[in-house]
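Colleague: Structure in structure tokens, see below.
The values are calculated or read from the model by the stated rules, or taken from the named source; none is laboratory data. Computed from a predicted model, the values in this text were never measured in an experiment. Because the Cβ atoms are built from the backbone with ideal geometry, glycine has one as well, and the counts that use them run over all protein chains shown.
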């Protein structure tokens, strides 16, 4: 087990380097210059611009910049400085991440609980009315893009019914975050439901289920322990990749409901050509994604004792 | 008794896509053996999901190629005397007034009609690009294995690890003029990984088959083995993923347009974004492009669903 984890962590290194390098190259290949942007409409004297560029290390070759950036990040936990505000990027990240974490974890909880519950119900009744209704609803959830859904939610619940504020004023209040979280979770919820349904519908005919029933186990135990445990592997795989996707996908939801999180910061730094902030945010998202995948692989062994990591 | 005791036939018979009549028909009369594709086609023709989605897609393609058949109004011609606060005349089906006007006095109906082209073009273009690149990379990785596979698989991991929407946003942000080709390229740049993984898996399985070994023994060249012998037997899972992703890319293009990073011209995402500003007073500016977009995505996802049910033997 320990050796497996160590090997997986080692395998993550090239992927981590590759991903950050790709992002770094993409961001710095962008036309536009944040230093010139500091001067607004004025031209700015060439000496000052050159001095500032030197201060931020922007005058060095791109690979040297990447090397310095990674060195600072890994050795000192230093993600660089935001050029427009002069704040360290870690501080900006510290403001934005908790907000998005709250939003994404709420969405994740909704998707896990509702998705698995609906999937089990539909899977056990595969082919009957309940199943078809669930399939149809999830099809709709997948098809309506998240920003359309967000607008509908705002129009109906905020403008017409007046149940909520159209914008989130206090991002520490889970009650206010509920609606954005539901909007963010819908598409993933539909996928979780469908995966669970297919898996349950397939496994419920398995021999071990027949044995469990023949032994006279109560239905709750047959479904809850025997069937669930064996049906969760594809669902867990999906959930693992979805943690990162939820945080990235929050760009749209956060914009719609005016939440000041990672999404908003990413969008802002993109428009303002704030390379350091952008690279820092995406790097953390990639790390979350990689760690979630590792966790999923370890969960396989818990769910299915036949899988052993020597 | 719990549902779990139901036999295989029962559960299959109630398959929502209408696989049931097919299964019975196949049992009752002896037919000559059909290929996977023949079987799939027979399944598809009987599936209501397939029929509904095909009809929808047929109309979408008509609108794409002949927008002039549906409206005489021009999508980019704004006439401010057509004030956007006047209610749409829902009775006058097909007139420029039908779905109201936007803030610049342009007919919402005409914009909905002409916006179809952008979405459909990006959807098809990206899917084709992604299928070509992904299949090629997956085929090479799966066929040669070893170090080639390791390198290509890590490369796939790298592209897969970057959040899709964020990656395309960064790429598109560097283009001032975002044509259809630019958007297709950006979506394709991050989108090929899924097909590549599917293809690699399929190739590794197929490579072991006797007929591939036989072709090798007969001295067939590597490209010939790859494209004549292995490729046809790995197409099914790739086609399934590609069909579903058509709808996903259309939704992605609209999302990018909505964020202001999509197509520069007439596009549903742009209109929905603009309409969102007037959501209190003129919902129709946002509503009709949204409905059309959702129907389009739904049609392609349903098509993908039907194709998957027909091609996946597990679903039978």
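Colleague: In the range A:33-56, which residues are modelled with pLDDT under 75 and surrounded by 13 or more Cβ atoms within 10 Å (Cβ to Cβ)?
Modeller: Within the range A:33-56, A:33, A:34, A:35, A:36, A:37, A:38, A:39, A:44, A:53, A:56 meet the criteria.
Colleague: Take the residues in the range B:260-275 that are within 11 Å of chain A (Cβ to nearest Cβ) and in a loop (DSSP other than H, G, I, E, B); name whichever of them is farthest from residue A:149 (Cα to Cα).
Modeller: That would be B:261.
Colleague: Go through the range B:161-177 residue by residue and tally those that are more than 7 Å from chain A (Cβ to nearest Cβ) and under 21 Å from the mean Cα position of the chain (by Cα).
Modeller: Residues meeting the conditions: 4.
Quick grid of which residues meet (1) assigned to a helix (DSSP H, G or I); (2) over 15 Å from the mean Cα position of the chain (by Cα); (3) modelled with pLDDT of 85 or more; (4) crowded, with 24+ Cβ neighbours inside 10 Å:
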{"site": "A:212", "(1), (2), (3), (4)": "yes, yes, yes, no"}
{"site": "A:228", "(1), (2), (3), (4)": "yes, yes, yes, no"}
{"site": "A:236", "(1), (2), (3), (4)": "yes, no, yes, no"}
{"site": "A:248", "(1), (2), (3), (4)": "yes, no, no, yes"}
{"site": "A:273", "(1), (2), (3), (4)": "no, yes, no, no"}
{"site": "A:291", "(1), (2), (3), (4)": "yes, no, yes, no"}
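Colleague: Among all residue pairs at least 6 apart or on different chains, which show Cβ distances below 6 Å where the first residue, located in the range B:181-206, is closer than 23 Å to residue B:144 by Cα and the second is at pLDDT below 90 and outside any helix (DSSP H, G or I)?
Modeller: Here the result reads B:202/B:234; B:203/B:234; B:206/B:234, each pair linking the range B:181-206 to a residue that is at pLDDT below 90 and outside any helix (DSSP H, G or I).
Colleague: Does residue A:241 meet the test of being modelled with pLDDT of 85 or more, within 26 Å of residue A:172 (Cα to Cα) and either away from every other protein chain (no Cβ under 11 Å) or assigned to a helix (DSSP H, G or I) (or both)?
Modeller: Answer is no for this residue.
Colleague: Next question, about the same structure. If you go through the range A:54-90 one residue at a time, how many are in a helix (DSSP H, G or I), closer than 18 Å to residue A:26 by Cβ and over 29 Å from the mean Cα position of the chain (by Cα)?
Modeller: 1
Colleague: I'd like to know if the range B:92-100 contains one or more residues that are over 28 Å from residue B:188 (Cα atoms) and in contact (Cβ under 8 Å) with a residue 40 or more places away in the chain.
Modeller: yes
Colleague: I would also like to ask the following. When the residues of the range A:13-32 are narrowed to those that are more than 9 Å from every other protein chain (Cβ to nearest Cβ) and at pLDDT 80 or above, which ends up nearest to the chain's Cα centre (by Cα)?
Modeller: Per the stated criteria, the residue is A:20.
Colleague: Inspect the range B:172-185 for any residue being more than 22 Å from residue A:145 (Cβ to Cβ) and buried (at least 18 other Cβ atoms within 10 Å of the Cβ) and give the result as yes or no.
Modeller: no
Colleague: Only residues that are surrounded by fewer than 24 Cβ atoms within 10 Å (Cβ to Cβ) and either farther than 19 Å from residue B:58 by Cβ or more than 9 Å from chain A (Cβ to nearest Cβ) (or both): list them for the range B:276-302, please.
Modeller: Hits for the range B:276-302 are B:276, B:277, B:278, B:279, B:280, B:281, B:282, B:283, B:284, B:287, B:288, B:292.
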